[in-house]
Every structure is written in C-alpha cells, then in structure tokens.
Amino acid sequence: MASVLDRLAPIVQDPYLPAREAKAKGTPVVAISPMHFPEELIHAAGALPVLLQESNEPVTEGFGHIYPFYCGFSRSNVDWAVKGKLGLFDAVVISDVCLQLRHMGHIMRRNMPRTPFLYIQWPLEASVDRWLSFSVDQLGRLRTKLEQITGNAITDDALQNSIALFNRHRDLLQRAYDIRQQKPGVLRAKDMVNVVLTGMVMPKEEHISLLEELIPELEKKGASSDSKVRLFTSGHLCQAVKTDILDLMEDLGGVVVGDDMYTGQRYFATQMPTDVPPMESMARRYLELKVPCPTRYDPKQEWGHYVSQASPQSGAKGLVTMVVKFCEPHMIYYPFLRDVLNGAGVPHLMIETEHEVVSLEGTRTRLQAFIEMLSA
Ligand code: SF4
C-alpha cells in the first residue's frame with residue numbers, strides 16, 4: 001500500500017478535494033478563516049469544518065478587488081471568491097483577527113452573495129477573568145447560526161464528542177512533532193507541514209486513522225540527520241509556508257526540529273479542557289493558547305519570550321523567522337521579537353515570504369550563510 005505521505009499528496013495539491021467529496025455525500029461544508037475558531041462547533045453540527053487555504057495560483061481577477069499591499073492569504077482568497085471557486089462552501093466563518101482578514105471577509109461576501117458569512121469578534125486581550133463570558137456569548141451566537149444553516153441542533157453531547165475527537169487529533173499531531181524533535185530528519189519539514197495542512201481540511205476521523213498509521217512508522221525509523229544543524233522555524237501566522245523554502249533549509253545542511261507556525265505547533269499545541277461545559281471549553285482554548293499570537297495581547301506571556309525559550313528547548317541552534325509579506329501583526333511585532341531574541345542570545349534570521357513566485361536565490365544565500373555560521 002502507498003505510504004501515508006503518498007496518500008496525502010493529492011490533498012496537498014488540491015486541499016478542497018475532501019470538501020468536494022463530503023458535499024457529494026450530502027455533508028454540509030463550512031469554511032473557516034484562520035486562526036482561532038473552534039472547528040468542533042462546526043463538526044458538532046454534522047458539517048465538515050475546512051480551514052481556508054492560500055492557493056498556489058497567481059492573483060489575477062482579485063487584483064481589482066483588494067489592495068496589492070495585503071497579505072498573500074487575503075489576496076488569494078479574494079481572488080478565488082471573485083473567480084467563483086469557493087461556491088462549494090455552505091457558509092464561511094471569518095474571525096476578526098486583523099484588518100486584512102476582516103476586509104477579506106467583506107470582499108468575499110460581496111462576491112459570494114449566496115453564501116452565508118458569519119463573523120466572530122475575539123477579545124484582543126487573552127484574559128479568562130475579563131473575557132470568558134464575552135467569548136462564550138460570541139460562540140453561542142454562532143452556534144445558533146450554524147444550527148440554522150446546517151438544519152442540525154448542536155447538542156452539548158455532540159460538542160463533547162467533537163472536543164474529544166479533536167483533542168485526540170491534536171494529541172497525534174503533537175506525537176508526530178515530538179518524534180521529529182527526538183529524531184531529527186525522520187520527517188522532513190515539508191512533510192510535517194503537509195501532515196498538518198491536510199489535517200486542517202480532511203475529516204478528522206480519516207486524518208486520525210492516517211496518523212495512527214504514520215506514527216508507528218516514524219517510531220520505528222532512526223534519526224537520519226544527526227549531523228545537521230538543528231533549526232526552529234517561526235511565524236507564518238495564517239498560511240502554509242511554501243515548502244521549497246523548507247526544502248532549501250534542509251538541503252543546505254539544516255534540519256528543522258521545532259516550529260511555532262500556523263501549519264505546525266500553533267495549530268495543535270492547545271487542547272480543549274474537558275472538565276468544563278463545552279462552550280466554556282472552546283472559549284478557554286482561545287484565551288489560554290499555549291503559543292502566543294501577535295494578533296492579541298496576552299498578559300501571561302509574550303510571543304518573544306515564548307519563542308526565545310521554545311527554540312533552544314527544541315534543541316535548535318538557531319531560529320528562522322518567516323514573515324509573510326504585508327502581514328501587519330507580524331511586522332509590527334517583529335522588532336520586539338528581534339530584541340528579545342538578541343537579548344536571549346538566540347541566533348536568528350528573518351526571511352520575508354511572498355505569495356507570488358519569486359527567485360529564491362537571495363534566500364538561499366542568506367540561509368546558507370546562517371547555517372554555516374551556526375555550524376562553525
Ligand atoms: S494575520 Fe497576517 S497573514 Fe494572517 S490574515 Fe492577517 S495579515 Fe494576513
């Protein structure tokens with residue numbers, strides 16, 4: 001039988017394939033914008049939650065609808081909405097995490113008049129004491145709307161079952177991530193990203209089965225890159241990093257042993273608590289994210305301090321920050337992050353990534369110099 005990674009490959013190429021298959025079977029499909037909306041709420045309504053992805057296509061028709069200085073994720077999704085390629089979704093949930101995402105949602109809605117758009121305003125301060133009931137209310141409002149759209153009641157029992165299923169999924173992703181850290185090179189960085197990305201768009205039940213096959217395979221394998229320079233990758237808040245950059249890192253003598261990226265630990269690091277009512281559990285997950293996010297203020301921990309500890313703890317000798325071009329929250333935060341990393345003595349390199357296909361020669365030179373410096 002083909003390997004798990006080979007079976008995931010068609011979905012990496014065509015992330016909405018599982019959504020089309022679900023629709024063909026009569027299952028409603030609800031798209032979610034990054035980053036924090038609880039997929040469990042959609043699953044408990046009997047629908048398939050699908051995280052919106054950035055396409056590899058150049059932005060063409062969308063150019064007339066959204067500023068060129070918006071991030072690739074928002075421009076790409078507007079482009080697909082304008083081209084009529086997102087009509088398979090029964091609804092789209094937009095989380096108000098930044099101006100570009102908010103604007104993206106409004107433009108998509110104008111161009112998808114038959115699709116219901118639901119909005120959630122998350123609190124900007126990650127404080128359970130101050131914002132738990134507000135967050136529960138926000139989720140309750142969307143619960144009612146999702147019930148109307150899918151025609152299915154969302155019961156507390158169904159929510160609890162969904163939370164248990166998704167916690168299991170997060171556990172398995174964490175296990176794969178831990179094995180990669182313990183055995184560098186056992187899973188290339190590109191493959192780790194693709195495993196997480198497919199988990200964002202496939203039915204969790206199917207993805208769990210594949211992970212249950214993949215993990216014993218990884219456990220049996222030995223480390224393949226013990227002599228390489230260990231790296232930690234950070235950033236890329238809303239979209240999968242282009243995997244040729246990760247390949248470049250690993251072909252130039254590096255090996256990725258940890259990350260805090262969206263298609264990485266940011267997606268699965270925080271479990272939902274199971275000892276509180278399900279609506280509270282979903283709200284608490286947002287308010288108690290393990291990986292801090294620069295789209296909100298977290299009085300408990302700063303992203304810079306988090307990453308300056310997580311990188312060396314993973315065994316990495318250096319950190320590569322990947323900033324999506326025009327990503328405001330990340331660009332505004334970056335100077336602080338840089339100062340904290342400098343203060344903590346964590347060697348780091350910043351790379352700006354673009355939606356459009358650009359030559360990687362400049363990136364190659366900088367990565368090569370960084371890896372050579374770390375290995376000296
Ligand atoms: S957080 Fe950054 S990458 Fe995500 S939508 Fe906003 S600007 Fe784009």
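The values are calculated or read from the model by the stated rules, or taken from the named source; none is laboratory data. Worth saying up front: this structure is predicted, and the values here are computed from it rather than measured. So basically every Cβ, Gly included, is an ideal-geometry build from the backbone, and we count neighbours across all protein chains shown.
Going by what's in this entry, would V256 be described as over 30 Å from L159 (Cβ atoms), surrounded by 20 or more Cβ atoms within 10 Å (Cβ to Cβ) and in contact with a helix residue (DSSP H, G or I) (Cβ under 7 Å, 6 or more places away or on another chain)?
Yes: the conditions hold for V256.
Could you list, in sequence order, all residues of segment 1-42 that are assigned to a loop (DSSP other than H, G, I, E, B), farther than 14 Å from V93 by Cα and not acidic (D, E)?
Those that are assigned to a loop (DSSP other than H, G, I, E, B), farther than 14 Å from V93 by Cα and not acidic (D, E): M1, A2, S3, P15, Y16, K25, G26, T27.
Quick check on segment 82-109: of everything there that is part of a loop (DSSP other than H, G, I, E, B) and near the ligand (Cβ under 10 Å from one of its atoms), which residue is nearest to T60 (Cα to Cα)?
C98
Among helices (runs of 4 or more DSSP H) lying entirely in segment 148-227, which contain 1 or more residues that are at pLDDT below 95?
Counting at least 1 such residues, we get 156-182, 204-220.
Those residues that are among the aromatic types (F, W, Y), in a helix (DSSP H, G or I) and either crowded, with 18+ Cβ neighbours inside 10 Å or in contact (Cβ under 8 Å) with a residue 12 or more places away in the chain (or both), I need them from segment 110-137; list them, please.
Matches in segment 110-137: W131 only.
So, restricting to helices (runs of 4 or more DSSP H) that lie completely within segment 242-327, which ones have at least 1 residues that are in contact with a Phe, Trp or Tyr (Cβ under 8 Å, 6 or more places away or on another chain) and within 16 Å of the ligand (Cβ to nearest atom)?
The helices (runs of 4 or more DSSP H) meeting that bar are 278-287, 303-313.
Between T263, T274, T233, T243, which is polar (S, T, N, Q), without any contact (Cβ under 8 Å) to a residue 60 or more places away in the chain and at negative phi?
Testing whether each residue is polar (S, T, N, Q), without any contact (Cβ under 8 Å) to a residue 60 or more places away in the chain and at negative phi leaves just T243.
Please indicate, with yes or no, whether at least one residue in segment 226-237 is buried (at least 17 other Cβ atoms within 10 Å of the Cβ), within 18 Å of L360 (Cα to Cα), within 18 Å of the chain's Cα centre (by Cα) and within 16 Å of the ligand (Cβ to nearest atom).
yes
Let's see how each residue does on (1) under 18 Å from the mean Cα position of the chain (by Cα); (2) of a type in the set (A, V, I, L, M):
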site	(1), (2)
E213	no, no
E217	no, no
M249	no, yes
V255	no, yes
A269	yes, yes
P277	no, no
Y286	yes, no
V291	yes, yes
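Hey, could you check segment 64-81 for residues that are within 11 Å of the ligand (Cβ to nearest atom) and aromatic (F, W, Y) and say which is farthest from C238 (Cα to Cα)?
Among residues in segment 64-81 that are within 11 Å of the ligand (Cβ to nearest atom) and aromatic (F, W, Y), the one farthest from C238 (Cα to Cα) is F69.
If a residue has to be under 22 Å from the mean Cα position of the chain (by Cα), farther than 25 Å from P58 by Cβ, aliphatic (A, V, I, L, M) and buried (at least 18 other Cβ atoms within 10 Å of the Cβ) to count, how many in segment 317-376 make the cut?
4
Restricting to segment 10-23, name every residue that is among the hydrophobic types (A, V, I, L, M, F, W, C) and within 18 Å of the chain's Cα centre (by Cα).
Within segment 10-23, I11, V12, A19 meet the criteria.
In segment 336-368, how many residues are within 16 Å of the ligand (Cβ to nearest atom) and either without any contact (Cβ under 8 Å) to a residue 24 or more places away in the chain or among the β-branched types (V, I, T) (or both)?
Matching residues across segment 336-368 total 2.
Can you give me the number of residues within segment 55-81 that are in a loop (DSSP other than H, G, I, E, B) and either surrounded by 14 or more Cβ atoms within 10 Å (Cβ to Cβ) or among the charged types (D, E, K, R) (or both)?
7
Might you check whether a residue that is surrounded by fewer than 18 Cβ atoms within 10 Å (Cβ to Cβ), small (G, A, S) and free of Cβ contacts under 8 Å to residues at least 60 places away in the same chain occurs anywhere in segment 202-213?
So far as segment 202-213 goes, yes, one or more of its residues are surrounded by fewer than 18 Cβ atoms within 10 Å (Cβ to Cβ), small (G, A, S) and free of Cβ contacts under 8 Å to residues at least 60 places away in the same chain.
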